[in-house]
Amino acid sequence: MLCRQKELPPEYPITPGDEEKIYHIVLPISTETCLYGADYSEGLSHRKITFGTNFSININVSSPTGEDEARHIFNSFATKGEILFPFDKVFFGGVYGAVVDHFGIM
């Protein structure tokens, strides 16, 4: 799956010139696990965007206890980090949350 910023619902503001940046991409690495990625821009972030913080990498957990396991992983990173997007159901399916860990990595 690939979603560009220009394909977002109107309530998600994007920075002019960022229409082709990736909002959501999926890279399957096994039958149970996917890596998700995204480009960030000023309009879609709650923090200052600089080189090194202009993208994110996410982990998808797909197992019988998927949502509980994902919530546990999210909460583990959030303990000493900063929550950018609370863990909850999202329009593109499933649940999602975003956090910057205590090393500053999204």
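Side notes on the structure shown:
- Put a dot 7 Å past the Cα of GLU69, heading toward its Cβ, do the same for VAL95, and the two dots end up 1.3 nm apart.
- Each of LYS21, LYS89 has some number of other Cβ atoms within 10 Å of its Cβ, and from fewest to most they run LYS89, LYS21.
- Partner aspartates and glutamates whose Cα lies under 14 Å from the Cα of LYS6, excluding those fewer than 8 positions away in the same chain, are identified as ASP18, GLU19, GLU20, ASP39.
- Ordering PHE77, PHE91 by the number of other Cβ atoms within 10 Å of each residue's own Cβ, fewest first, gives PHE91, PHE77.
- Proximal charge balance of ARG4 [Cβ under 11 Å; K/R count +1, D/E count -1]: -3
- Projected label distance in nm at GLU32 and SER76, using a 7 Å step from Cα toward the beta-carbon: 1.3
- Put a dot 7 Å past the Cα of GLU20, heading toward its Cβ, do the same for MET1, and the two dots end up 2.4 nm apart.
- The ranking of THR15, THR31 from fewest to most other beta carbons within 10 Å of each one's beta carbon is THR31, THR15.
Here, each number is a calculation from the coordinates, and none is a lab measurement. These numbers were taken from a predicted model, which means no experiment stands behind them. Backbone-built Cβ (ideal geometry, glycine too); neighbour counts: all protein chains shown.
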